[in-house]
Amino acid sequence: MTAITNASSIRVSPAMGGFVAILRGHRATGTTHRDAALAVARRVYGPRVNVRTDYLRDSDPMAGIQYRYHITHMIGAA
């Protein structure tokens, strides 16, 4: 069971050899866009989080952002 408890979204852009994700001033890279988003989410909020895709905003493609993710907290995860 998960619950979305944070309105901040993770912005993911392409980088050399993978993707870079940015959340609240923190950056993380990954070989896939989901790996990068999950890495930055866990860096900021700890290991008990997951990510879910989000809609792109109108200005995202012009800023080089290809993906957006929301953070979900795992409830009752050990």
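Assorted remarks:
- Qualifying residue in the range 66-73 (condition: open to solvent by 80 Å² or more (accessible area, probe 1.4 Å), modelled with pLDDT under 90 and assigned to a loop (DSSP other than H, G, I, E, B)): no
- The range 25-65: number of residues that are within 13 Å of R11 (Cβ to Cβ) and touching a Phe, Trp or Tyr at 6+ places or on another chain (Cβ under 8 Å): 8
- Matching entry among R57, R48, R27 (being loosely packed, with under 15 Cβ neighbours inside 10 Å and modelled with pLDDT of 95 or more): R27
- Condition met for I10 (modelled with pLDDT of 90 or more, surrounded by 13 or more Cβ atoms within 10 Å (Cβ to Cβ) and either in a strand (DSSP E or B) or in contact with a Cys (Cβ under 7 Å, 6 or more places away or on another chain) (or both)): yes
The values are calculated or read from the model by the stated rules, or taken from the named source; none is laboratory data. If you're wondering where the values come from, they're calculated on a predicted model, not measured in any experiment. All Cβ positions, even for glycine, are placed from backbone atoms using ideal geometry, and neighbour counts span all protein chains on display. Just the protein is used for accessible areas: all its heavy atoms, side chains included, with ligands, DNA and RNA removed. Shrake-Rupley method; radii C 1.70, N 1.55, O 1.52, S 1.80 Å.
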